[in-house]
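Please read the structure below before turning to the comments.
Here, each number is a calculation from the coordinates, and none is a lab measurement. Quick caveat: nothing in here was measured; it's all calculated off a predicted structure. No Cβ is skipped: glycine too gets one built from the backbone with ideal geometry, and neighbour counts run over all protein chains shown.
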Amino acid sequence: MSLDLVTLLYLVASVCFIQALKGLSHPTTARQGNVFGMVGMALAAFTTVALIFKLADGKVAGLAYVIGGLLVGGTAGAIMAKRVEMTKMPELVAFMHSMIGLAAVCIAVAVVGEPAAFGIAPAGQPIPYGNRLELFIGTFVGAITFSGSVIAFGKLSGKYKFRLFQGAPVIFAGQHMVNAIMGIAMLGMGLWFTATQDWTPFVIMTVIAFVLGVLIIIPIGGADMPVVVSMLNSYSGWAAAGIGFSLNNSMLIIAGSLVGSSGAILSYIMCKAMNRSFFNVILGGFGQEGGTAAGKQEQRPVKSGSADDAAFMMSNAETVVIVPGYGLAVSRAQHALKELAHKLGEKGVQVRYAIHPVAGRMPGHMNVLLAEAEIPYDQVFEMEDINPDFRQTDVVLVLGANDVVNPAAKTPGSPIFGMPILETHLARTVIVNKRSMASGYAGLDNDLFYMDKTMMVFGDAKKCLEDMVKALDAL
Amino acid sequence: MDIISPTVTNLIIFVLAIYVGYHVVWTVTPALHTPLMAVTNALSAVIIVGAMLAAALTTSDLSRWMGTAAVALAAVNVFGGFLVTRRMLEMFKKKDRAAPADEKRGDH
């Protein structure tokens, strides 16, 4: 098998990868796209095996290591993919980013140790300067991706006592200064390595990058995790592209760039949905858990009602829009919600769902949670598509969402002014289900709860929805 | 004539691939952004190609074990990424069996 043929097969695999992303433009074509991705990956792997046969001149005992690694990693990955709960997707994705980051570092170490095996330098000759620089970049991006993703994973899972794994940001004096100095030191070591191909600066640079990855994620609060996960997604792509540069492998560069730009776009979408600039998120310190503002204001009267009242109002409506927030997922109420929507549908009520881009813990998370509960995707609408309809909506049911429906976003001077929201306050009647009057991540009071047309139903989302279903049956 | 250095060729591929990525990803429907992230995890695991070369072709212990570790780490993503994406996308399938189930419920 000639190297030209290998490269051409890699090109076919790259096209498959592009098709895999393109398929995701619609739920009906997405599964086909995923098949393209798998075919591309299998093609890439088998081509590489053929390449190994060619380069090793028949001495292929080394393939045993490849098969061993594949079996261990593949089994672990398949088990995780099968068992993971959909609410835990953000953790799984963060975990996977860390795998890519660490794999990139491992490959870079192997390349520095034995460049001749990869055909980037003749045996005994130094690595060309260009490849050294690319190795250095691939390594530090990979290392930052790894340690940053580990911290993000801890913050997302929220079940570890370790301080760095908690949602509340870790801030100390001179933090940005420390990060800047370490960043400069890392780049300095990298350039030293580029100049000399010496192990010492390479190792120091890698260690600094690992520490830096931790330091840049700890000041970012739990509420900003959707941005962080998207950002690390992007980093993992750039790390792969960096390795592709050092190995002169165009397929790795293409796949890495696709992933890198995908993560960057998702970060942008998330930042826009939270009305924050990217640098504002990265510099951190925002999103301390638990709001305080609600306590400062004088108690204002709210109208509260029972699940029965809510069920009665919805059954008399013509159109109902349901706004699910993360509180819904926390109390695992998606199936109860589906039951409610089904019952309302039987009574001739048109039910739709409105999803804010940051409704879940990662981009598109809420859509997956609703799909898991077998809610048809054509009843689920994105913010821009459903906002014009709220004025004609009889009843809006808000479940465990707060900041994303806060009309204060329309008031100049408010801390969240300009944030895109679901305009539920324009509907004829609003029913809000929450556990308490506590404020959301932004720590702001929500005027929606005090409007005359709003009825609060306090309690756990699942319990309330089940009560509503029972009440509908009784009607 | 001088030969164009591989770095320059790589840079051309890199820039064009970012351009393609940018345009393709904007066409992805927001409803599928979570599967998008899962599948991109699988795609960036294509560095398994480099890991395989490292594991199979190197002779020093350090490089060989680093390569084997990288194969295992990347394989987690290759298998995990594609399978979890498939699992999620199955959920977005239109439910054909919903209709008969509804009728049964109506009988009660």
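Comparing A:43, B:41, A:79 along the charge dipole axis of the protein assembly as shown, the residue lying farthest to the positive side is A:79, per the Cβ-charge model.
Orientation-averaged projection of segment A:99-240 equals 8.6 nm² [convex hull of Cα atoms, one quarter of hull surface area].
Look at B:91, A:231, B:37, A:225 and count the other Cβ atoms within 10 Å of each Cβ; fewest to most, that gives B:91, A:225, A:231, B:37.
The local environment of residue A:281, defined by Cβ-Cβ distances under 12 Å, has a net charge of +1 under the rule Lys, Arg +1 and Asp, Glu -1.
Counting neighbouring beta carbons within 10 Å and listing from fewest to most, the residues B:64, A:31 come out as A:31, B:64. Each part gets one Cα centre, and for segment A:28-54 versus segment A:111-187 those centres are 28 Å apart. Model label points for residue A:163 and residue B:8, set 7 angstrom from Cα along the Cα-to-Cβ axis, are 5.3 nm apart.
Please work out the FRET efficiency for the pair residue A:28 and residue A:391, using the Cβ-Cβ distance as r and a Förster radius of 45 Å; give the result to the nearest 0.05.
Working: r = 31 Å, r/R0 = 0.69.
In this case the efficiency is close to 0.90.
Highest mean packing first, where packing is the average number of other Cβ atoms within 10 Å per residue, the peptides A:136-145, A:160-169 line up as A:136-145, A:160-169.
Spin-label model, residue A:306/residue A:198: points 7 Å from Cα along the beta carbon direction are separated by 8.0 nm. Which whole-angstrom value gives the distance between the alpha carbon centres of segment A:235-263 and segment A:433-475? Cα centres, segment A:235-263 to segment A:433-475: 46 Å.
Basic side chains Lys and Arg get +1 at the Cβ, acidic Asp and Glu get -1 at the Cβ, and with that the dipole of segment A:357-412 about its Cα centre reaches some 300 debye.
Given a Förster radius of 25 Å and the C-beta distance between residue B:94 and residue A:347 as r, what FRET efficiency does 1/(1 + (r/R0)^6) yield to the nearest 0.05? Write out the running numbers ahead of the final one.
Working: r = 23 Å, r/R0 = 0.93.
The computed FRET efficiency comes out at 0.60.
Name the residue farthest towards the positive end of the dipole of chain A from the options A:246, A:109, A:334, assuming +1 on Cβ of Lys and Arg, -1 on Cβ of Asp and Glu, about the Cα centre. Sorting the options by dipole projection puts first A:109.
Would you mind putting B:15-21, A:430-436 in packing order, based on average other-beta-carbon counts within 10 Å, highest first? Let's see the in-between values first.
Values: B:15-21: 17.9, A:430-436: 21.4.
Averaged packing, sorted descending, gives the order A:430-436, B:15-21.
Rounded to the nearest 0.05, what FRET efficiency do residue A:184 and residue A:318 have when you use their Cβ-Cβ distance and R0 = 56 Å? Result of the calculation: an efficiency of 0.35. The charge dipole of chain A, taken about the Cα centre with unit charges on the Cβ atoms of Lys, Arg (+1) and Asp, Glu (-1), comes to about 600 debye, rounded to the nearest 20. Distant-in-sequence amide contacts of residue A:323, defined by a placed amide H-H separation under 5 Å and a gap of 5 or more residues or a different chain, comprise A:354, A:397, A:398, A:399. A crude spin-label estimate for the pair residue B:60 and residue A:458, with each label 7 Å from Cα along the Cβ direction, gives 6.7 nm.
Contour minus end-to-end for residue A:207 and residue A:374, with contour as 0.36 nm per residue of separation and end-to-end as the Cα-Cα distance?
On the way: separation 167, 0.36 × 167 = 60.12 nm, distance 4.63 nm.
This chain segment gains 55.5 nm when fully extended.
No solvent, one uniform scatterer per C-alpha: report log10 I(q)/I(0) for segment A:1-147 via the Debye equation at q = 0.12, 0.16, 0.20 1/Å, two decimals. Cα-only, vacuum Debye calculation for segment A:1-147: -0.69, -1.24, -1.55.
The magnitude of the dipole of segment A:333-475, with charges of +1 and -1 set on the Cβ of Lys/Arg and Asp/Glu and taken from the Cα centre, is near 280 debye. Reducing segment A:210-226 and segment A:311-371 to their Cα centroids gives an inter-centroid distance of 32 Å.
For segment A:312-418, compute Rg over Rh where Rg is the Cα radius of gyration and Rh is the Kirkwood radius from the inverse mean 1/r over Cα pairs. Don't skip to the answer; put the middle values down first.
Details: Rg = 13.9 Å, Rh = 14.4 Å.
We get a ratio of 0.97 for segment A:312-418.
Taking only the Cα atoms of the protein assembly as shown, the radius of gyration and Dmax are 25.8, 87 Å. Relative to the longest principal axis of the Cα atoms of chain B, helix B:48-57 runs at roughly 50 degrees.
When GluC sites (Glu not before Pro) are flagged only if DSSP places them in a loop and at most 16 other Cβ atoms lie within 10 Å, the longest unflagged stretch of chain A comes out as A:86-288.
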